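J.: To start, I am sharing the structure in question, which I have written as structure tokens.
Readers should treat all values here as calculations from the given coordinates under stated rules, not as data from a laboratory. Worth saying up front: this structure is predicted, and the values here are computed from it rather than measured. Cβ atoms come from the backbone with ideal geometry, glycine included; neighbour counts cover every protein chain shown.
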């Protein structure tokens, strides 16, 4: 038996625990990651106990293989989860924001959020490759930017999803090599997916200030739908 109150002890003891889980024929994995010092433990009872903990407390760490046709991203500072297949039937705009503070990313996010109701057929997914703490700090600036432009408190800002190590940006082959704030990062980009999940358009900025305008997105969607802007 595992002593009561030992969850923290287990977390401190395990550096990495990976368990295979099968669901709907798809192989998933659960990983604790960098939690504490490495220590091996054996036993069926412990394995089952760890599986319950992983699934019950670390559901956000369960990942299937990421593909362009079906990927999952998690909210940086909350419980939100976006899965592409859940958005079937709608256009999806992937906003690949830059790492670091990125002031132009603030304006871009506020503008698209402010006007999102003009395109109810579009789901906007804002992605940043920073750490959770970095995104939390950036979100404070986002709130202030919203208040400055809208003249009121934050009420409807979009969720900011985390793209760890820019893996999704790499999956979509967003060009890398942009030198920004002392780092080398991927270029800012917007990728538009049709209701069936297939990419139909992308815009990659030449620099931090080069962003795809909201009006241009409206025109692009109208074009795709066979209507005049």
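J.: Neighbouring Cβ atoms within 10 Å as the yardstick, rank 167, 133 fewest first.
T.: Final ranking by Cβ density, sparse to dense: 133, 167.
J.: Continuing with this model, one more query. Average projected area of the Cα convex hull of the stretch 72-224, in nm²?
T.: One quarter of the hull surface, i.e. the mean projection, equals 8.6 nm².
J.: Hey, fewest Cβ within 10 Å first, where do 218, 191 land in order?
T.: Fewest to most other Cβ atoms nearby, the residues stand as 218, 191.
J.: Compute the label zone of residue 225 within the stretch 87-105: residues whose backbone N is under 16 Å from the point 7 Å along Cα-to-Cβ.
T.: What the label zone holds, given the 16 Å backbone N cut-off, is 89-93.
J.: I would also like to ask the following. Can you compute the modelled spin-label distance between residue 213 and residue 165, with each label point 7 Å from Cα toward Cβ, in nm?
T.: 3.9 nm
J.: Which order do 184, 73 fall in if you start with the one that has the fewest other Cβ atoms within 10 Å?
T.: Ascending number of Cβ neighbours within 10 Å: 184, 73.
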